[in-house]
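So the structure is just underneath, and the comments pick up after that.
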Amino acid sequence: MSSPPSFELPPPRAGGVDLLIVAGEHSGDQHAAAMLRGALAQRPDLRVAALGGPELAGAGAQLLYDLTASSVVGIVEVLKHFWFFRMLFHGTLRWISEHRPAAVCFVDYPGFNLRLAAELHRRGLSRKGGGKIKTLYYISPQIWAWKPARRFAMARHLDALAVIFPFETLSYADTPLPVEFVGHPFLAETYAAPVRYDPDGPILLLPGSRRQAVGRIFPRMCAGFQAFGERTAVVVYPSEEIASVLRIENSNTKIRLQPAGEPVAAAAVLTSSGTMSMHCALAGIPGAIVYRANPFTYLLGRLLVSVPYLGIGNLLLGEAMYPEYIQGAAKAKALAGELAACVHDPGRRERTATQAARLRKILRQGTRGTAADWLLQQVGD
């Protein structure tokens, strides 16, 4: 095999590093940043570097590389970027080997992070592999949906895991891995919701944060909104890269693009199945999920994933708070019908409010401490 291509990350600016955080997606960047802010409030001398995004940088980490700008999803998309990820992977390994942080905290992003944990173990750098670096994981891969056997490799390679859904601790009950439920970050006291419900507000369109997915999902949302034919719409985008895709696809003057950061009030939402769907569900905004993947990725996923819903809110409730329109089912007429029900049917609005209250109750069950408390305890051990 040829030697890995060169990809050099900058050295720690503080002359050393206590903690490296690896978060490869916008949602992971946000959750990790909230955890880090809480940790630095208690221990401001903690030296932290990150492969993440602007949220982690703003929280106080030295950003070694903006990994969120390279986020992709699906087998086909990952294969297209194989050489880049291989280069990044080996560059990260070299950085860890040279600078030896006391701990590495992986945040979700299992395709990259679990491989990295395994390689740190194989090279004898991690504690489980005989070295000194503690390996932590925050926000579990969805092993309850697919690849459940990964839990055994995680138990071999990781020192501790913090989960954000109460049922996830049971998923690891047959392993020796210490797992702690630390509460969902959207229910933290410092959480500022980016959305709220307003029956007189516009329609909210949330196609996601990954370029390829947005290019497939947003045109269907636009068609559904246009067929609905009422009100105006707001599209929240996380980056200029996503904004450029939205501008190409949008020709409707009633649809306004808005950068993330300012809270948005909405009467109804069409959302992808990612993190923003949870924001909207907890806010009690009625709506529906729209999702379209690469056809090959979708067919492969149907073979591997055995859950009744894509939306995590739907999974937690055991019912479709947000009806899901996937692949060819995401037709303009169907989506327009959902928007009409959300805006005009009082029963739909009341049912959504009741489901949002149930969801908040589920996510508060049994937590003993915050993610920041867990992180500091692990780094201090």
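The values are calculated or read from the model by the stated rules, or taken from the named source; none is laboratory data. Source: prediction; values computed, not measured. With ideal geometry, Cβ positions are generated from the backbone for all residues, glycine too; neighbour counts draw on all protein chains shown.
For PHE152, state whether it is assigned by TED's automatic domain parsing to the domain that holds PHE89, surrounded by fewer than 21 Cβ atoms within 10 Å (Cβ to Cβ) and modelled with pLDDT under 95. Judged against the criteria, PHE152 is not a match. The residues in the stretch 320-345 that are of a type in the set (A, V, I, L, M, F, W, C), part of a helix (DSSP H, G or I) and either touching a Leu at 6+ places or on another chain (Cβ under 8 Å) or modelled with pLDDT under 95 (or both) can be counted, and the count is 3. Taking the condition of a type outside the set (A, V, I, L, M), closer than 13 Å to VAL195 by Cβ, surrounded by 23 or more Cβ atoms within 10 Å (Cβ to Cβ) and in contact (Cβ under 8 Å) with a residue 40 or more places away in the chain, does SER277 pass? Criteria met by SER277.
Only one entry of GLN327, GLN365 meets the criterion of being among the polar types (S, T, N, Q) and either on the phi > 0 side of the Ramachandran plot or without any contact (Cβ under 8 Å) to a residue 24 or more places away in the chain (or both), and that entry is GLN327. Could you tell me whether the stretch 256-264 includes any residue that is surrounded by fewer than 21 Cβ atoms within 10 Å (Cβ to Cβ), among the acidic types (Asp, Glu), out of contact with any Pro (no Cβ under 7 Å at 6 or more places or on another chain) and within 26 Å of ILE164 (Cβ to Cβ)? Yes, because at least one residue in the stretch 256-264 is surrounded by fewer than 21 Cβ atoms within 10 Å (Cβ to Cβ), among the acidic types (Asp, Glu), out of contact with any Pro (no Cβ under 7 Å at 6 or more places or on another chain) and within 26 Å of ILE164 (Cβ to Cβ). When the stretch 182-206 is filtered for residues that are modelled with pLDDT under 95, among the aromatic types (Phe, Trp, Tyr) and out of contact with any Leu (no Cβ under 8 Å at 6 or more places or on another chain), only TYR191 remains. If a residue must be surrounded by 23 or more Cβ atoms within 10 Å (Cβ to Cβ) and out of contact with any Lys or Arg (no Cβ under 9 Å at 6 or more places or on another chain), how many such residues does the stretch 212-235 contain? Matching residues across the stretch 212-235 total 4. For LEU161, the test of being surrounded by fewer than 20 Cβ atoms within 10 Å (Cβ to Cβ) and assigned by TED's automatic domain parsing to the domain that holds ARG115 is failed. The residues of the stretch 14-40 that are outside any helix (DSSP H, G or I), at pLDDT 95 or above and out of contact with any strand residue (DSSP E or B) (no Cβ under 6 Å at 6 or more places or on another chain) amount to a single one, ASP18.
Results for (1) at pLDDT below 95; (2) within 25 Å of ALA34 (Cα to Cα); (3) surrounded by fewer than 24 Cβ atoms within 10 Å (Cβ to Cβ); (4) aliphatic (A, V, I, L, M), shown as yes or no for each residue.
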position: TRP95; (1), (2), (3), (4): no, yes, yes, no
position: GLU98; (1), (2), (3), (4): no, no, yes, no
position: PHE106; (1), (2), (3), (4): no, yes, no, no
position: GLY111; (1), (2), (3), (4): yes, yes, yes, no
